[in-house]
């Protein structure tokens, strides 16, 4: 698996909430956090903050779980999706990606 596959998981999950929502999420990440969509894997806390800002605390948890479910599906995570945080899912998915795992754990 590659970083592209992980980014596609995030895209597919955000698409479930509408393309405008996905664009708003990426735009807010860029303008408020200075993080482009291809850098969210190494900045999951920033993604969580932006999701909370857009969806509220409760709504952001639903969106995060949708992202985790996509990651679980594509990367065959062992446990139920409710077991993982967004950070956990990103970290586990990146373990076998050269150069990426170090960025996540730093």
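Read-outs: derived from the displayed coordinates by stated rules, not from any lab. None of the values given here were measured: they were computed from a predicted structure. Using ideal geometry, Cβ is built from the backbone for each residue, glycine included, and neighbour counts are taken over all protein chains shown.
Would you calculate the separation in nanometres between label points at residue 45 and residue 83, each defined as 7 Å from the Cα along the Cα-to-beta-carbon direction?
2.6 nm
Using the alpha-carbon atoms, what tilt in degrees (0 to 90, nearest 10) does helix 44-75 show relative to the longest principal axis of the chain?
That helix lies at roughly 30 degrees to the long axis.
Determine the calculated [θ] at 222 nm for the chain from helices alone, applying -39500 (n - 2.57) to every DSSP H run no shorter than 4 residues and normalising by the residue count; nearest 500 deg cm²/dmol.
Roughly -21000 deg cm²/dmol at 222 nm, from the helical runs in the chain.
Classify region 3-105 as rounded, prolate or oblate from the Cα gyration tensor: take a ≥ b ≥ c as the square roots of its eigenvalues, call it rounded if a/c is under 1.5, otherwise prolate when a/b beats b/c and oblate if not.
Cα axes put region 3-105 in the oblate bin.
Would you look at the GNM of the chain, springs on alpha carbons closer than 10 Å, and say which of 78, 64, 53 moves the most?
Of 78, 64, 53, the Gaussian network model singles out 78 as fluctuating most.
Once you put a point 7 Å from the Cα of residue 53 and another 7 Å from the Cα of residue 11, both along the Cβ direction, what distance in nm separates them?
Modelled inter-label distance: 2.3 nm.
Quick one: helix 19-28 against the long Cα principal axis of the chain, what's the angle to the nearest 10°, folded into 0 to 90?
90 degrees
On a 0 to 90 degree scale, rounded to 10, what angle separates helix 3-15 from the longest Cα axis of the chain?
With rounding to tens, the tilt is 40 degrees.
Given points 7 Å out from each Cα along the Cα-Cβ axis, report the residue 62 to residue 4 separation in nanometres with one decimal.
3.3 nm
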